[in-house]
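Quick notes on the structure that follows.
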2 protein chains.
Amino acid sequence: MFTIQNVLIPVGQEYQAVSVHIVEGRIAAIAPTLDILGTAIDGRNKLLLPGFVNAHTHSSEMWQRGMIPPYPLELWLAELYDSTPLDPEQIYLSALGTAVETLLTGGTTVVDHLVLIPGRELETVAAAVQAYKEVGIRAFVGPLIQDESLESGIPCGDTGRKHQPYLRSTEAMLELLREAISQFHRPTEGISIMAAPTGTQLCSDALFEGCVELSDRHDLCRHAHLLETKAQKLLAYEQYGCSAVERLKRLEFLSPQTSLAHCVWLDEHDIDLLGDTHSTVVHNPLSNLRLGSGIAPILKYRQAGINVAFGCDGAASNDSQDVLEAIKIGTILHNVTDLDYTNWITPHQAIELASLGGATGLGMASELGSIEVGKQADLVLYDLMNLSLLPRTDPIGLLVLGRPTQVVDSVWVKGDRVIAEGKPTRINLDELRSQLFNRSQWSVNRKSNAVQQVEDHYRAVMQLPASE
Amino acid sequence: MFTIQNVLIPVGQEYQAVSVHIVEGRIAAIAPTLDILGTAIDGRNKLLLPGFVNAHTHSSEMWQRGMIPPYPLELWLAELYDSTPLDPEQIYLSALGTAVETLLTGGTTVVDHLVLIPGRELETVAAAVQAYKEVGIRAFVGPLIQDESLESGIPCGDTGRKHQPYLRSTEAMLELLREAISQFHRPTEGISIMAAPTGTQLCSDALFEGCVELSDRHDLCRHAHLLETKAQKLLAYEQYGCSAVERLKRLEFLSPQTSLAHCVWLDEHDIDLLGDTHSTVVHNPLSNLRLGSGIAPILKYRQAGINVAFGCDGAASNDSQDVLEAIKIGTILHNVTDLDYTNWITPHQAIELASLGGATGLGMASELGSIEVGKQADLVLYDLMNLSLLPRTDPIGLLVLGRPTQVVDSVWVKGDRVIAEGKPTRINLDELRSQLFNRSQWSVNRKSNAVQQVEDHYRAVMQLPASE
């Protein structure tokens with residue numbers, strides 16, 4: 001039970017100084033003046049916003065951030081999976097790091113599309129869940145499952161290429177998901193398991209159907225990559241003779257609790273299908289630029305009434321976990337796609353996408369994503385005295401369009417203060433830094449054998465000139 | 001005289017741990033081990049890079065950052081100039097703020113295309129110069145001069161619109177520039193005045209010719225905006241019947257010491273002209289996105305051998321002065337413009353554009369922009385133990401592609417340490433924050449009368465549907 005006093009909150013396009021009561025993890029009252037209940041928190045010269053959702057990431061990629069050369073997704077993946085396999089301790093550390101960077105940039109929820117260590121899949125999930133519980137962030141963990149081998153993700157063209165089968169069967173992957181649900185799905189404690197097949201390019205119909213069945217049975221969110229690259233669009237027609245979105249619709253994967261990362265290469269009909277099914281698009285602007293995937297048509301999605309959220313994507317394709325950065329670039333990037341500025345996303349709209357949009361995609365819009373009495377207290381307090389937010393103008397304009405640096409004073413998740421005075425309250429940040437430092441070494445960009453093995457084929461099917 | 005010991009520097013695509021001697025403001029020696037001369041600086045777990053050039057900004061816009069709604073340049077300008085005029089004290093404070101944010105994100109030189117207070121033009125220049133001297137950054141100050149009124153910057157279309165004359169004569173503007181040169185141009189002290197007409201859209205031939213004459217006589221750099229928007233491209237043909245670049249070429253404004261901000265709407269012939277004259281393109285990616293100006297064809301410029309530098313642009317169109325942010329977005333943005341990833345800018349190339357590219361555009365390539373014996377010591381020391389640069393992978397990959405936060409440990413300009421342990425050494429940052437706070441107030445986005453006056457005309461000439 002506590003009271004935030006004299007804090008600015010947005011009310012429509014304006015701001016109001018209010019006090020806020022938090023009782024048993026929920027917002028109990030909001031008014032210009034309130035008696036102090038419990039601890040008093042001084043909100044003067046501070047801004048209170050609902051927590052953002054980092055709506056798509058892969059936490060373990062933190063170990064490879066800064067390392068992979070400028071490649072498109074298909075070659076970047078070859079490089080990523082060529083790295084030394086991680087151990088569960090590293091999974092734990094990178095989940096901690098992902099959570100801390102998310103919290104310190106305004107996020108209260110992370111959606112971790114978690115890359116699994118082959119043969120140690122449940123240990124991987126356990127390590128990430130442990131980290132998220134310790135640091136206190138709300139987490140949706142989607143074990144990344146597939147039943148086709150990575151090389152299937154590149155179109156064959158007319159080469160008649162055959163792919164190796166995947167190392168595990170469809171049933172084994174579904175059994176793994178069942179076990180993860182049984183051991184870790186605890187939504188009221190802030191940890192939810194998602195049904196999260198990698199994407200249409202690497203998953204059979206049977207795997208999607210199994211995920212739909214499990215998500216229906218356990219009321220899970222669904223999550224997948226969708227049409228991130230031009231190659232994936234070509235591949236869908238090559239594999240199934242229809243668009244990837246039509247396939248997902250036919251498999252009944254699309255729903256109001258389904259969030260789809262990227263959505264760069266959809267056509268008008270695909271957009272209608274997402275709208276009809278009330279699915280959510282997760283926009284990962286930095287990753288889409290870094291990998292040259294393209295600019296997702298976010299303004300079109302908004303005009304079609306489709307819910308949009310922001311994600312950082314994994315730290316090897318971004319290469320950070322700064323939610324405010326994803327919001328800024330995901331907002332201003334689209335101004336170059338439409339000459340009519342009346343369609344551009346405003347800073348206030350951007351904040352709503354990042355908070356309520358994120359919550360909506362997780363089926364949590366009635367519980368999270370805005371500052372309203374009765375909602376859960378997933379809240380972030382920003383220090384408006386920080387140089388990067390001065391001089392005083394429009395606080396949300398500064399936050400979204402500026403480059404805020406260490407502006408998060410406090411973060412509450414379910415009413416628990418997990419960040420105070422800009423630092424995690426439950427873990428030792430210096431210890432985390434030491435661990436990350438000690439378990440890594442400086443290295444330079446390299447071109448792995450894995451990339452060389454697929455590069456000629458990739459260039460041929462994408463009609464790029466042969467490499468030298 | 002001092003020695004940085006055991007510091008990582010990039011050598012080709014690799015890194016080497018070295019010691020560096022700085023004597024009388026220049027790099028005197030670089031070797032794996034050196035005796036300690038003067039003060040010893042511990043460079044362990046740190047990276048030393050040449051300072052970046054923030055190659056285009058307008059410092060006073062800091063007062064309006066976060067405030068202006070999502071508008072294209074032409075309406076954004078109407079809003080910008082509708083704000084309350086500033087006083088010289090504010091100019092001083094925003095120049096300090098611009099310098100500090102530039103230094104704390106790796107910049108050692110700022111190019112300030114300085115908006116002048118009408119009637120107090122020389123006081124404006126004096127205030128900015130004072131701030132730059134105090135904080136210790138290297139500054140190129142280009143008083144922003146024009147001799148046509150702001151409304152001339154929008155094409156007439158077929159409306160036969162007549163514009164008001166500008167408030168000052170061409171000769172008065174040139175006299176002002178002469179006086180600024182006489183009072184403030186002190187290159188050896190780190191303060192240089194530039195001949196910096198606003199751009200082709202607001203300047204007569206006579207003003208350009210006067211600027212060329214003064215820059216020749218005093219060996220000044222030249223600087224101007226160039227083809228930032230589609231409207232400016234239309235306008236050039238409407239006003240002069242040729243492209244804006246052809247006009248600059250005819251006026252002999254283009255040269256190896258000429259840097260041109262934006263260059264979004266150039267055609268192939270224009271690109272040839274920039275290449276032939278060895279002019280520099282200053283890329284301001286965040287501003288170009290924020291204002292919806294377009295994506296400058298930077299990969300084409302590089303293929304044509306044109307020198308490219310990075311700028312933040314003014315803080316009301318960005319809305320920050322974070323040089324590392326401009327480098328990141330200015331690097332990855334172009335990956336979506338070319339499917340062939342072999343043309344994409346690598347992190348190491350990005351660092352070179354930001355440092356040597358910036359120095360080249362200012363005619364300083366022999367003095368600045370790389371870590372070489374004999375060059376001036378404009379250097380930045382990055383703390384590689386910062387969470388945002390961990391775990392250890394490729395330091396430059398992390399710096400360019402990540403989201404570094406407070407990673408600058410020390411900055412030297414001409415060998416003077418102007419940042420130490422992440423803080424300015426010569427000014428009081430808390431005092432600056434107080435001043436910025438006290439001289440401003442929270443306000444919300446608004447739509448000014450100035451915008452309403454030009455909006456209908458703008459929409460008509462840009463063939464946008466009539467506003468509601």
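The values are calculated or read from the model by the stated rules, or taken from the named source; none is laboratory data. Since the structure is predicted, the reported quantities are computational estimates derived from the model, not experimental observations. Don't worry about glycine lacking a Cβ; one is built from the backbone with ideal geometry, like all the others, and counts go over all protein chains shown.
One table, with the values for the structure above:
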| read-out | value |
| --- | --- |
| Of all residues making up the range B:153-198, the number that are farther than 24 Å from B:SER215 by Cβ and not hydrophobic (A, V, I, L, M, F, W, C) | 10 |
| Selection count, the range B:411-434, where residues are in contact with a Pro (Cβ under 9 Å, 6 or more places away or on another chain) and at the interface with another protein chain (Cβ under 10 Å from one of its Cβ atoms) | 1 |
| Residue in the range B:333-355 that is farther than 30 Å from A:THR229 by Cα and at pLDDT 95 or above present | yes |
| Any hit, the range B:198-212, residues being among the charged types (D, E, K, R) and within 20 Å of B:THR109 (Cα to Cα) | no |
| Which listed residue, of B:LEU362, B:LEU353, is in contact with a Cys (Cβ under 7 Å, 6 or more places away or on another chain), aliphatic (A, V, I, L, M) and surrounded by 24 or more Cβ atoms within 10 Å (Cβ to Cβ) | B:LEU362 |
| Unique match (being within 30 Å of B:ILE396 (Cα to Cα) and crowded, with 18+ Cβ neighbours inside 10 Å) among A:LEU429, A:LEU381, A:LEU389 | A:LEU389 |
| Residue, farthest from A:TYR341 (Cα to Cα), within the range B:449-468, restricted to residues that are in a helix (DSSP H, G or I) and among the aliphatic types (A, V, I, L, M) | B:ALA450 |
| Tally of residues being assigned to a loop (DSSP other than H, G, I, E, B), within 15 Å of A:GLU209 (Cα to Cα) and under 22 Å from the mean Cα position of the chain (by Cα) across the range A:241-284 | 3 |
| Residues being of a type in the set (Val, Ile, Thr) and in contact with a Ser or Thr (Cβ under 7 Å, 6 or more places away or on another chain) - total across the range B:319-335 | 1 |
| Complete set of residues in the range B:318-341 that are more than 7 Å from chain A (Cβ to nearest Cβ), of a type in the set (Val, Ile, Thr) and surrounded by fewer than 23 Cβ atoms within 10 Å (Cβ to Cβ) | B:THR337 |
| Top-ranked residue of the range A:3-27 - restricted to ones that are β-branched (Val, Ile, Thr) and more than 28 Å from the chain's Cα centre (by Cα), ranked as farthest from the other protein chains (Cβ to nearest Cβ) | A:VAL23 |
| Only one of B:THR124, B:THR170 that is closer than 30 Å to B:ASP416 by Cβ and touching a residue at least 24 places away in the same chain (Cβ under 8 Å) | B:THR124 |
| Enumeration of residues in the range A:28-77 that are away from every other protein chain (no Cβ under 14 Å) and closer than 22 Å to A:VAL125 by Cβ | A:VAL53, A:ALA55, A:HIS56, A:HIS58 |
| Subset tally (residues that are over 21 Å from A:GLY358 (Cβ atoms), of a type in the set (Gly, Ala, Ser) and not in a helix (DSSP H, G or I)) for the range A:215-236 | 0 |
| Residue among B:VAL135, B:VAL110 that alone is without any contact (Cβ under 8 Å) to a residue 60 or more places away in the chain and buried (at least 24 other Cβ atoms within 10 Å of the Cβ) | B:VAL110 |
| Which listed residue is at pLDDT below 90, surrounded by fewer than 20 Cβ atoms within 10 Å (Cβ to Cβ) and over 21 Å from B:LYS230 (Cβ atoms), from B:LEU122, B:LEU167 | B:LEU167 |
| Test result for A:VAL451, under 27 Å from the mean Cα position of the chain (by Cα) and either surrounded by fewer than 17 Cβ atoms within 10 Å (Cβ to Cβ) or within 21 Å of A:ASP82 (Cα to Cα) (or both) | yes |
| Residue check, A:ALA350 within 14 Å of chain B (Cβ to nearest Cβ), in contact with a strand residue (DSSP E or B) (Cβ under 6 Å, 6 or more places away or on another chain) and not in a strand (DSSP E or B) | no |
| Test result for B:TYR382, more than 30 Å from A:GLN452 (Cα to Cα), among the aromatic types (Phe, Trp, Tyr) and modelled with pLDDT of 95 or more | yes |
| Close pairs (8 angstrom Cβ cut-off, 6 or more residues apart or separate chains): polar (S, T, N, Q) in the range A:453-468, surrounded by 15 or more Cβ atoms within 10 Å (Cβ to Cβ) anywhere | A:GLN453/A:ALA78; A:SER467/A:GLU455; A:SER467/A:ARG459 |
| Any hit, the range B:275-292, residues being in contact with a Lys or Arg (Cβ under 8 Å, 6 or more places away or on another chain) and surrounded by 19 or more Cβ atoms within 10 Å (Cβ to Cβ) | no |
| Residue tally, condition in a loop (DSSP other than H, G, I, E, B), within 29 Å of B:LEU289 (Cβ to Cβ) and among the polar types (S, T, N, Q), over the range A:388-439 | 3 |
